[in-house]
1. For the chain, what is the accessible area per residue in Å², given a 1.4 Å probe and the full set of protein chains?
2. Determine the alpha carbon to alpha carbon distance for each of 7/82; 82/138; 7/138 and list only those over 19 Å.
3. So how compact is the stretch 21-148: Cα radius of gyration and Dmax in angstrom?
4. Give the residue from 8, 41, 23 lying farthest towards the positive end of the charge dipole for the stretch 2-45; charges sit on Cβ (+1 for Lys and Arg, -1 for Asp and Glu) and the dipole is referred to the Cα centre.
5. Please report how far the C-alpha centroid of the stretch 131-195 lies from that of the stretch 32-64, rounded to the nearest whole angstrom.
6. Give the Rg (one decimal place) followed by the Dmax (whole number) of the stretch 108-179, computed from C-alpha coordinates and expressed in Å.
7. Rank by packing, highest mean first: peptides 121-129, 34-42, with packing defined as the count of other Cβ atoms within 10 Å averaged across residues.
8. Using every Cα-Cα pair within the stretch 1-95, state what percent have a distance larger than 16 Å.
Amino acid sequence: MDFGIRKISTFIEETFVEGGKAAPTPVTMIVVAAVLRNPWAGQGFVENLRPDILRLAPRLGSELTNRLIVLMPAEKIQAYGKAAATGVNGEIEHASALIHTLRFGNLFRDAVGGTTYLEFTNTRIAPGASISVPMMHKSENGRRSHFLTASFQICDGPAPDEIVVAIGAADGGRPHARIADRFQDMAEMEAESTP
């Protein structure tokens, strides 16, 4: 695994009670995050990011996916997402480069039988800042019950010349979801606009 990874951190959250009411079924969210050296650090403005994208993104996607599905089997995953955060010496484009390629995302999507795109964040942060991994249902993009966010922190990362790359998954939606799905809204609004 010698491709610049300094550490891999795993975060697991299980929700048993939400809003003072027990969840019908506990909901588990898992995030697996790699802290790695920014391959473009110290080079000034790099015009062509593609060689390092091709070198790193598939390896990162494979490593993170394999670790996550050991903790939550693919058949249990209902929602998923991804995130990348560059340190303060990097460009947001550097973080984006490693996750916004099918060579990264397809590995996770295919492994869990997903058909929707991976919800995402990409940003620049200081070490220890909170990182959010937004998620949505892996096959029904309008299913609002599965609009979730897992947040985590790595106390010493990303360093100024590092990037954190993460994927997240959940085995259910919000415990007491009670807002309409996007498709219900669309049908209602269409009916309202019909004379």
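1. Details: 9820 Å² over 195 residues.
Counting only protein heavy atoms, the per-residue value for the chain is 50 Å².
2. Values: 7/82 17 Å; 82/138 12 Å; 7/138 27 Å.
In this structure, 7/138 exceed 19 Å between Cα atoms.
3. Cα radius of gyration and Dmax of the stretch 21-148 are 15.6, 53 Å respectively.
4. Going by the charge dipole, the pick is 41.
5. That distance is 25 Å.
6. Final numbers for Rg and Dmax: 14.1, 43 Å.
7. Details: 121-129: 15.9, 34-42: 19.6.
Answer by packing, highest mean first, reads 34-42, 121-129.
8. Working: 2868 of 4465 pairs.
The proportion of pairs with Cα distances above 16 Å equals 64 percent.
The values are calculated or read from the model by the stated rules, or taken from the named source; none is laboratory data. Remember, predicted model here, so these are calculated numbers, not experimental data. For neighbour counting, all protein chains shown are included, and Cβ atoms are generated from backbone atoms with ideal geometry for every residue, glycine included. We work out accessible area using only protein heavy atoms, side chains counted, and drop any ligands, DNA or RNA first. Shrake-Rupley method; radii C 1.70, N 1.55, O 1.52, S 1.80 Å.
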